[in-house]
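Q: This structure is in structure tokens; I'll ask about it shortly.
The values are calculated or read from the model by the stated rules, or taken from the named source; none is laboratory data. A quick note: this is a predicted structure, and the numbers were derived from the prediction, not measured. All Cβ positions, glycine included, derive from the backbone under ideal geometry; neighbour counts span all protein chains shown.
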Amino acid sequence: MIGLVFNNKNEVETAILDNIKNVSVNATKKVDTEFQKEISGIVDKLSYVYWILNFITNYTDKEINEIKFDSKMVLWQGTNSMLGALQLIRMGYFVEPNFLERHAIESLSIALVLFRDYRKYTDFKAGRLSGEKCIGEAKRVISQIGQIYGVLSDITHPSSKWLGTYVAEKRRTLIIGGGVVDEHLYRIKFNLATLGFLSSVYLSGIELVYYDFIEDHKFWRKKEPNAFEWAPSHEEKRYGKETANAMAEVIKEFNIS
């Protein structure tokens, strides 16, 4: 490998600024063109998530209790993290979006735990209820949480398995920051599939937490006052299957356990 050859620090600074101002912009244009359908699907899900959370913020027909409101704040931050992940994916970052996606899953997990047991709110306010510790209980509500959290944890924990994600082998060089080359398009496909799958899971969780405030239910059916049945619409089943299959294809290629 030839690698990057810099004669001094100023040349490195120039390369960083070029990545920020030019390389990332060009990467975004390429990704938007190649993956228009995938991006539109993610934006559709995120739009509905933001709509629900904004609706909760401004709901006036009945009082939103403190737990529901704070859950909304946690979920809003998690949604922002997913939007940030989408931006990084569009700029050609491979590993970095997965950190934000993990944050989103942990945010959803906290909200689900508070939904199931209001007594945990005391621990939340005291800073003793972490998102990571909530994963086990949350995946008992929505099993897909465990699946996607495991995949993202595998990638985000530094290991020899993921060394060299910044290598452009055909160009025999290294990549500073983001950027897309043709040989890395499958990475973009993986990240968009993962984020698409997560956005659907996230929306299903929010629908459950705020079930009584939503008229159009896409994922759940209430059986009893405190009992819900998983009943996704045909559209949501199809989207979930598409994103799960796309993710599985690249997982197999990556040999992710």
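Q: Any residue that is of a type outside the set (A, V, I, L, M, F, W, C), under 18 Å from residue 49 (Cα atoms) and touching a Cys at 6+ places or on another chain (Cβ under 7 Å) - is there at least one of those in segment 107-127?
A: Checking segment 107-127: at least one residue is of a type outside the set (A, V, I, L, M, F, W, C), under 18 Å from residue 49 (Cα atoms) and touching a Cys at 6+ places or on another chain (Cβ under 7 Å).
Q: Right, here's the next one. Pairs only if they're at least six apart or on different chains, beta carbon under 7 angstrom, first in segment 165-192 and of a type in the set (Lys, Arg), second modelled with pLDDT under 80 and surrounded by fewer than 13 Cβ atoms within 10 Å (Cβ to Cβ); list them, first residue then second.
A: Taking only residues 6 or more apart or on different chains, the pairs are 172/1; 172/2.
Q: OK, next. Has segment 185-204 got at least one residue that is closer than 28 Å to residue 6 by Cβ and modelled with pLDDT under 90?
A: Scanning segment 185-204 turns up at least one residue that is closer than 28 Å to residue 6 by Cβ and modelled with pLDDT under 90.
Q: Hey, residue 144 hits all of (1) touching a Phe, Trp or Tyr at 6+ places or on another chain (Cβ under 8 Å); (2) under 18 Å from residue 45 (Cβ atoms); (3) surrounded by 19 or more Cβ atoms within 10 Å (Cβ to Cβ) but one; which does it fall short on?
A: That leaves (3) as the condition not met.
Q: When you look at residue 227, is it surrounded by fewer than 21 Cβ atoms within 10 Å (Cβ to Cβ), under 22 Å from the mean Cα position of the chain (by Cα) and without any contact (Cβ under 8 Å) to a residue 24 or more places away in the chain, yes or no?
A: no
Here's the yes/no breakdown for (1) among the hydrophobic types (A, V, I, L, M, F, W, C); (2) over 22 Å from residue 248 (Cα atoms):
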{"position": "130", "(1), (2)": "no, yes"}
{"position": "145", "(1), (2)": "yes, no"}
{"position": "165", "(1), (2)": "no, no"}
{"position": "173", "(1), (2)": "no, yes"}
{"position": "184", "(1), (2)": "no, no"}
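So that you can scan it fast, the table gives a plain yes or no per residue for (1) over 21 Å from residue 219 (Cβ atoms); (2) modelled with pLDDT under 95; (3) basic (Lys, Arg); (4) in contact with a strand residue (DSSP E or B) (Cβ under 8 Å, 6 or more places away or on another chain):
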position: 40; (1), (2), (3), (4): no, no, no, no
position: 68; (1), (2), (3), (4): no, yes, yes, no
position: 71; (1), (2), (3), (4): no, no, no, no
position: 79; (1), (2), (3), (4): no, no, no, no
position: 85; (1), (2), (3), (4): yes, no, no, no
position: 101; (1), (2), (3), (4): no, no, no, no
position: 135; (1), (2), (3), (4): no, no, no, no
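Q: Sort out which residues of segment 7-18 are among the polar types (S, T, N, Q) and either within 31 Å of the chain's Cα centre (by Cα) or in a helix (DSSP H, G or I) (or both), and write them in order of number.
A: Listed by number, the residues that qualify are 10, 14.
Q: What helices (runs of 4 or more DSSP H), lying completely within segment 19-133, carry at least 1 residues that are under 17 Å from the mean Cα position of the chain (by Cα) and free of Cβ contacts under 8 Å to residues at least 24 places away in the same chain?
A: The qualifying helices (runs of 4 or more DSSP H) are 36-57, 66-90, 96-116.
Q: Among the residues of segment 116-135, is there at least one that is farther than 21 Å from residue 77 by Cα, surrounded by fewer than 23 Cβ atoms within 10 Å (Cβ to Cβ) and of a type in the set (Gly, Ala, Ser)?
A: No, segment 116-135 has no match at all.
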